[in-house]
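Structure first, commentary second.
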Amino acid sequence: MRVIETERLVLRRLTVEDSEFILEILNDPLWLRFIGDKGVRSLDDARKYILKNPVAMYERLGFGLYLVELKEKSVSIGICGLIKRDSLEDVDVGFAFLPKFRGKGYAYESASAVMMYGRKTFGLTRIVAITTPDNYGSAKLLKKLGLSFERMIKLSNDSKSVSLFISDV
């Protein structure tokens, strides 16, 4: 189901048919370094991840992470969307792209559209983002999106501190 279209991209809901892509992106070295190991090692794990996370969030809240595709070729290039974590008061914007699609403006294009969609469709007045302190690329993009660093936080007692960026409209 298409949710958002931009000049170059289509963002749509993830389905179990996207398991191969999810297996690939969740095992990308930068995903593992900056986002974390989700324990997805097989297509079956990927299907379970899709159902338990994005699909469950769509059903519960109406939004979640979306598959990002190139409009012209219908090639899956990344994920971008809005996430409501139990450990954060606000909804956060998240994104990740396969290596060959980084540095082409796709993350900015999709994240901008997702934030606008969240504000217009769900009335979100404050959108946040989190990133590891050493993820300089994401921090730079978050600033370009209009978010600013607020403080370091822990998502759980046993987790490492992450940078919290905020955007108040």
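For the range 5-120, list the strands (runs of 3 or more DSSP E) that sit wholly inside it and hold at least 2 residues that are basic (Lys, Arg) and farther than 15 Å from Ser138 by Cβ; which are they?
On the way: elements: 9-13, 65-70, 76-83, 91-97.
Per the criteria, 9-13.
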Checklist entry - Does Phe34 satisfy being among the aromatic types (Phe, Trp, Tyr), open to solvent by 30 Å² or more (accessible area, probe 1.4 Å) and in contact with a Ser or Thr (Cβ under 6 Å, 6 or more places away or on another chain)? => result yes
Item to check | Residue list for the range 130-153, restricted to those being of a type in the set (D, E, K, R), touching a Ser or Thr at 6+ places or on another chain (Cβ under 9 Å) and open to solvent by less than 80 Å² (accessible area, probe 1.4 Å) | outcome: Glu150
Checklist outcome for this item: For the range 110-135, pairs from a residue that is in contact (Cβ under 8 Å) with a residue 12 or more places away in the chain to a residue that is part of a strand (DSSP E or B) and hydroxyl-bearing (Ser, Thr, Tyr), with Cβ under 6 Å and 6 or more apart or across chains, are Ile127/Ser167; Thr131/Ser163; Pro133/Ser163
Checklist outcome for this item: Going through (1) farther than 27 Å from Arg119 by Cα; (2) modelled with pLDDT of 95 or more one by one, Arg33 fails only at (2)
Checklist entry - If a residue has to be in contact (Cβ under 8 Å) with a residue 24 or more places away in the chain and either open to solvent by less than 70 Å² (accessible area, probe 1.4 Å) or touching a strand residue (DSSP E or B) at 6+ places or on another chain (Cβ under 6 Å) (or both) to count, how many in the range 154-169 make the cut? => result 10
Item to check | Lone qualifier among Ile4, Ile22 - being over 12 Å from the mean Cα position of the chain (by Cα), within 19 Å of Ala129 (Cβ to Cβ), touching a residue at least 24 places away in the same chain (Cβ under 8 Å) and surrounded by 16 or more Cβ atoms within 10 Å (Cβ to Cβ) | outcome: Ile4
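Just to be sure before I move on: is Phe122 open to solvent by 60 Å² or more (accessible area, probe 1.4 Å) and among the hydrophobic types (A, V, I, L, M, F, W, C) in the structure I sent? Let's see the steps before the verdict.
Numbers: open to solvent by 60 Å² or more (accessible area, probe 1.4 Å): yes; among the hydrophobic types (A, V, I, L, M, F, W, C): yes.
When the stated conditions are applied, Phe122 passes them.
Being acidic (Asp, Glu) and closer than 21 Å to Leu145 by Cβ is true for just one of Asp92, Asp37, Asp45. Which residue is that?
Values: Asp37 fails: closer than 21 Å to Leu145 by Cβ; Asp45 fails: closer than 21 Å to Leu145 by Cβ.
Every option except Asp92 fails the conditions.
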Checklist outcome for this item: Of (1) over 22 Å from Phe21 (Cβ atoms); (2) assigned to a helix (DSSP H, G or I); (3) open to solvent by less than 50 Å² (accessible area, probe 1.4 Å), Ile127 fails just (2)
Checklist entry - Do we have Arg47 as open to solvent by 20 Å² or more (accessible area, probe 1.4 Å) and out of contact with any Ser or Thr (no Cβ under 8 Å at 6 or more places or on another chain) here? => result no
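The values are calculated or read from the model by the stated rules, or taken from the named source; none is laboratory data. Quick caveat, the model's predicted, so the values are computed rather than measured. Please note: Cβ atoms are built from the backbone with ideal geometry, for glycine as well, and neighbour counts cover all protein chains shown. Side chains are part of the model used for accessible areas, which takes the heavy atoms of the whole protein and leaves out ligands, DNA and RNA. Shrake-Rupley method; radii C 1.70, N 1.55, O 1.52, S 1.80 Å.
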